[in-house]
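The values are calculated or read from the model by the stated rules, or taken from the named source; none is laboratory data. Bear in mind the structure is a predicted one, so any value in this text is a computation, not a measurement. Counting neighbours? That spans all protein chains shown, and the Cβs are built from the backbone with ideal geometry, glycine included.
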């Protein structure tokens, strides 16, 4: 976690840009992303200089040529505000926009960061604002990867309004729960087809580095697979692609596959059955025209609703045996249209539906108050749903109002993870065995978690709403007999009349 001092510095940077005229939070993040990228390039070049000096050899793959030294962060930060502004606006920004096409690249050739910087727009309103922000950014220690990542996440957390098309950030603790439950391994190829700021991919990378660090860094090949072949994210918002790419870089993933794609409109045969794990919270808003939707998705489920089309997309992208943890609006669970029922039938009968976690409606506040659930399923193409594990989440560790005040003592998340491991085994996607699993199977429907056989789901038209199956315990309340109540009322009325009579006497 970043310290209070660093938070204060970030807040001051934010205030500097806000008072300077950059009032859109996304624009603030974007401009800071560019500056962090420029700073990162200078740090990389310095490392290569040090290595060359140590070995007594020429600099390998230099980022800056001798006549571009003025473009380095360490050089222009020492100049006065006006010349610094001109250098960054007229030279540094054009430089980062052409990286990758002129031989100047970051760590791994034409990296995802260089690619997304090509559309960079310099928006700093004045030399004074730029100089102030550069000085403040330079004073923040960025050497530790965890500090870099937490700092950027803190910046992203300051975006307090929903984006367009139903986009809003998924709370980090919900992302972590989904990642912990799916338990990624170094063999996984992970995708988020609506990645936004890349929160799911980052959480997966942190899980892998924590639980499988030895395997990841065992060899150059395994390290290369982690940095280039494991993480894939798509979005059709160029700003989000830049932010997501930088977020991954600051969390220690050197060159993920983060690229522009309208996932629902573009049918990419190269991505079909490519991934072993999908983690996603796709946008729910709106409907699409049939003509603007990939035809193979319409073959899975004939609909215009984006939330159903995304689930169909996940099934197309997953390998056989691949698993998914995705957030959906409650309507997906109980919608009565043919498309809703068809999709649920596919999950239950053709694939393996593992779990449904119902979340309270306040989880996404202040962005939205929509009721949502997390679906866990495995692509089998041969069925396999025996029992589906349900959990009724009542609290996520924060108040369910717009303030979202931390309330760790009320969180159901540790209990969800413990019960899931008992039901499904430590590996997340592997079946548990023995008494622990049977304990979940035998839970009553009045408990927060319980299991429902697939035959019961079919009998209920594949309704996946937890309220369809959860039983409510009502405590019997005993009341006095009506005659006894009437006697008490008569005594009370007599006391009132007597008191009124005494008052009248006192008044003469």
task = Evaluate the following for residue 277: is it in a strand (DSSP E or B), modelled with pLDDT of 85 or more and closer than 20 Å to residue 199 by Cβ?
result = yes
query = Within region 228-239, restricting attention to residues that are under 13 Å from residue 200 (Cβ atoms) and within 16 Å of the chain's Cα centre (by Cα), which residue is surrounded by the fewest Cβ atoms within 10 Å (Cβ to Cβ)?
reply = 232
query = Does any residue of region 397-416 turn out to be assigned to a helix (DSSP H, G or I) and in contact (Cβ under 8 Å) with a residue 60 or more places away in the chain?
reply = yes
key: The listed residue being in a strand (DSSP E or B), in contact with a strand residue (DSSP E or B) (Cβ under 9 Å, 6 or more places away or on another chain) and surrounded by fewer than 23 Cβ atoms within 10 Å (Cβ to Cβ), out of 382, 358   = 358
key: Within region 82-131, tally of residues that are closer than 14 Å to residue 242 by Cβ, in a loop (DSSP other than H, G, I, E, B) and at pLDDT 85 or above   = 3
message = Looking only at helices (runs of 4 or more DSSP H) that lie completely in region 435-508, which have at least 1 residues being surrounded by 12 or more Cβ atoms within 10 Å (Cβ to Cβ) and more than 60 Å from the chain's Cα centre (by Cα)?
response = 482-506
request  = Could you identify the single residue in 195, 191 that is surrounded by 20 or more Cβ atoms within 10 Å (Cβ to Cβ), at pLDDT 90 or above and in a loop (DSSP other than H, G, I, E, B)?
outcome  = 195
ask   = Limited to region 132-156, what total is found for residues that are part of a loop (DSSP other than H, G, I, E, B) and either over 29 Å from residue 85 (Cβ atoms) or at pLDDT 80 or above (or both)?
value = 3
remark   = Exactly one of 227, 247 is touching a helix residue (DSSP H, G or I) at 6+ places or on another chain (Cβ under 6 Å) and either without any contact (Cβ under 8 Å) to a residue 40 or more places away in the chain or more than 28 Å from residue 305 (Cα to Cα) (or both), and that one is 247
message = Anything in region 1-13 that is modelled with pLDDT of 90 or more and crowded, with 16+ Cβ neighbours inside 10 Å? List them, or say none.
response = 13
key: The one condition in (1) modelled with pLDDT under 90; (2) in contact with a strand residue (DSSP E or B) (Cβ under 9 Å, 6 or more places away or on another chain); (3) under 18 Å from residue 352 (Cβ atoms) that residue 437 fails to fulfil   = (2)
message = For the structure I just gave you, tell me whether residue 253 is modelled with pLDDT of 85 or more and in a loop (DSSP other than H, G, I, E, B).
response = yes
query = Out of curiosity, is residue 224 modelled with pLDDT under 95, part of a helix (DSSP H, G or I) and over 20 Å from the mean Cα position of the chain (by Cα)?
reply = yes
request  = All but one of (1) under 26 Å from the mean Cα position of the chain (by Cα); (2) touching a residue at least 24 places away in the same chain (Cβ under 8 Å); (3) part of a loop (DSSP other than H, G, I, E, B) hold for residue 34, so report the exception by its number.
outcome  = (3)
request  = Taking the options 22, 63, name whichever one is in contact with a strand residue (DSSP E or B) (Cβ under 9 Å, 6 or more places away or on another chain), buried (at least 17 other Cβ atoms within 10 Å of the Cβ) and either in the same structural domain as residue 95 (by TED's automatic domain parsing) or under 18 Å from residue 137 (Cβ atoms) (or both).
outcome  = 63
request  = Could you list, in sequence order, all residues of region 298-318 that are within 24 Å of the chain's Cα centre (by Cα), closer than 16 Å to residue 351 by Cα and without any contact (Cβ under 8 Å) to a residue 60 or more places away in the chain?
outcome  = 308, 312, 316
